[in-house]
1. Separation between the Glu109 and Trp72 pseudo-spin-labels, each 7 Å from Cα along Cα→Cβ, expressed in nm?
2. Ranked highest first by average number of other Cβ atoms within 10 Å, how do 120-133, 69-82 line up?
3. Calculate the FRET efficiency for Thr43 and Thr82 from the Cβ-Cβ distance with a Förster distance of 25 Å, rounded to the nearest 0.05.
4. Once the Cβ-Cβ distance between Arg4 and Ser148 is put in as r, and R0 is 25 Å, what FRET efficiency do you end up with, to the nearest 0.05?
5. What do you get when you divide the Cα radius of gyration of region 33-165 by 2.2 N^0.38 Å, with N the number of residues?
Amino acid sequence: MNVRASDTDRDATVDLLREAAGEGRLTLEELTDRIEAAVNAVTRSDLALLTGDLAAGATVGVATQPAEIRGWGDVKRSGPWTVPAENSFRTWLGHIKLDLREAQISATETHIHTRALFGDITLLVPEGIAVELQARTRLGRTNLHAKSGVPGAPRIVLTGGTFSGSINVRHPRLWEKGRRWGRRSTAGGQRRN
């Protein structure tokens, strides 16, 4: 017999998922997908499926030290990386591109301070992540293409800015999603046709 899930059951599942993400067992993208599924779950068995692959009590060190990266040229972070609650990225002549789609986030609210004198600032986030854009540009454009976040998902606060570059916050483009999906649907390293 499937027992219907209560709001308390959903909230407890979301808390477990956040904890797992903070410990590095889920990426931001996995976290937002699972939180969305938890919020929409009808039965307790639906909720159990969302946490069944997360070993209880297995802890991994959480990044609590602030990250600071400075340079003259381009500053890029992508792939699997741990994002502390406080970050600072600066460059004089290059661009800053931060890709959080495979990142492990350690806090429910993460502050990312960026400063690029002449370059662009680009932040790629998985769908469902809330982004508060406080960064400014004097001569460039500001584009916030990330929709509001899923309830309970992490929140990113982007501060700082650029003098002459643009600031772009977006989800993966459709072709990027297709490319990632294509990698997942390969068998034995060869694409299925």
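Values quoted throughout were computed directly from the atomic coordinates according to the rules given, and no laboratory measurement underlies them. What you see is a predicted model; the values in this text were computed from it and never measured. Quick reminder, even Gly has a Cβ in these numbers, built from the backbone with ideal geometry, and neighbours come from all protein chains shown.
1. The answer from the label model is 3.8 nm.
2. Taking the mean over residues of other Cβ atoms within 10 Å, the ranking is 120-133, 69-82.
3. Rounded to the nearest 0.05, the efficiency is 0.15.
4. Values: r = 28 Å, r/R0 = 1.10.
Efficiency computed from Cβ-Cβ geometry: 0.35.
5. Against the compact-globule rule of thumb, the ratio is 1.19.
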